[in-house]
Amino acid sequence: MTNVSGLQLSVGFLFDVLLRVFLAVLFVELEKAEPFTRKIHEDELWLYRNPRTESFVPTTVLWPLVFMMPIAVICFFFIWHKDRIDLQQAILSVTLALGFNGLITDILKLIVGRPRPDFFWRCFPDGQMNAGFKCTGDPTTIRDGKKSFPSGHSSFAFASFGFIALYLAGKLHTFSLAGKGQSWRLCMFFLPLCVALAIALSRTCDYHHHWQDVAAGSVIGYCLTYICYRHYYPPLDSSYCDRPYVALASQIQSSNNAKSNKNEQIKWI
């Protein structure tokens, strides 16, 4: 293990970096895969005949929000506290959450293959349905139309902004004894979640997802980001919730070493 500018670089750290690269590459490849083609019965066709509209939150807006907002918040606290260990651990936490979220969301999309609410118009742009229900639209548009469940916008929004909410709650001691009775801390926790909720609900308003897709995606995203956050940080009601486990472990080890040295000195007196 080596120490470079205050950051511990080890085989474990290199594995963490490679894991995230692997998850990102796998996500990109799964995006190109063909999902399961689910049979649509005539009595449920009305579910998929909603009008085609532009996304209220297009991917050109979603991706910068999802990736840049957590980094901006993390960097803000780094500039404030100058804690390089926290900077490293926070970035590892959020990138792991986003990586797992992308992989699990895409796998579920491919396996379930649920048509989107506007699938009919993706399948038949001219509105003329044939007897065998053979789609005549653009293949790429049709493929994307079979990826309704779960909502990727919702899962990524809650994975990203959910992490921001947890990270802020930890830094501000929102749920520990030090932060009790101060409503502004609680508001700072709920604010990112409200942003994520707005993004998720927009997917039902633009007819790109059913409400079940949005609900499932939101739960998946928040659960994954909570698991990844807790892997690197203590519970939010802990008095040490603002510090990563690595820093706490190092502090305990240093304290134990100091006690050991003191005992050795006493022994030789």
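The values are calculated or read from the model by the stated rules, or taken from the named source; none is laboratory data. Values in this document were obtained by computation on a predicted structure and should not be read as measured data. Here the Cβ positions follow ideal geometry from the backbone for every residue, glycine too, while neighbour counts run over all protein chains shown. SASA here: full protein model, heavy atoms, side chains in, ligands and nucleic acids out. Shrake-Rupley method; radii C 1.70, N 1.55, O 1.52, S 1.80 Å.
Taking (1) more than 30 Å from Trp121 (Cβ to Cβ); (2) within 13 Å of the chain's Cα centre (by Cα) in turn, Leu172 satisfies each apart from (2).
Of all residues in the stretch 30-62 being aromatic (Phe, Trp, Tyr) and touching a residue at least 40 places away in the same chain (Cβ under 8 Å), which is surrounded by the fewest Cβ atoms within 10 Å (Cβ to Cβ)?
Phe36
When Ala97 is tested against (1) in contact (Cβ under 8 Å) with a residue 24 or more places away in the chain; (2) over 25 Å from Leu248 (Cα atoms); (3) not basic (Lys, Arg), exactly one condition is not met: (2). Residues in the stretch 198-213 that are assigned to a helix (DSSP H, G or I) and over 15 Å from Leu62 (Cα atoms): Thr204, Cys205, Trp211, Gln212, Asp213. The residues listed here are His210, His173, His153; of these, the one that is touching a residue at least 60 places away in the same chain (Cβ under 8 Å), on the phi > 0 side of the Ramachandran plot, open to solvent by 10 Å² or more (accessible area, probe 1.4 Å) and not charged (D, E, K, R) is His173.
Just a yes or no: is a residue in the stretch 202-210 under 27 Å from Ile91 (Cα atoms) and not polar (S, T, N, Q)? No, that holds for no residue. Does Val195 meet the test of being among the β-branched types (Val, Ile, Thr), assigned to a helix (DSSP H, G or I), open to solvent by 70 Å² or more (accessible area, probe 1.4 Å) and in contact with a Phe, Trp or Tyr (Cβ under 9 Å, 6 or more places away or on another chain)? Considered against the rule, which asks whether it is among the β-branched types (Val, Ile, Thr), assigned to a helix (DSSP H, G or I), open to solvent by 70 Å² or more (accessible area, probe 1.4 Å) and in contact with a Phe, Trp or Tyr (Cβ under 9 Å, 6 or more places away or on another chain), Val195 comes out as no. Note on the stretch 219-241: residues that are under 15 Å from Phe163 (Cβ atoms), assigned to a loop (DSSP other than H, G, I, E, B) and either at pLDDT below 95 or aliphatic (A, V, I, L, M) (or both) amount to 2. Per the conditions (1) touching a helix residue (DSSP H, G or I) at 6+ places or on another chain (Cβ under 7 Å); (2) touching a residue at least 24 places away in the same chain (Cβ under 8 Å); (3) within 29 Å of His231 (Cβ to Cβ), the sole criterion not satisfied by Leu87 is (2).
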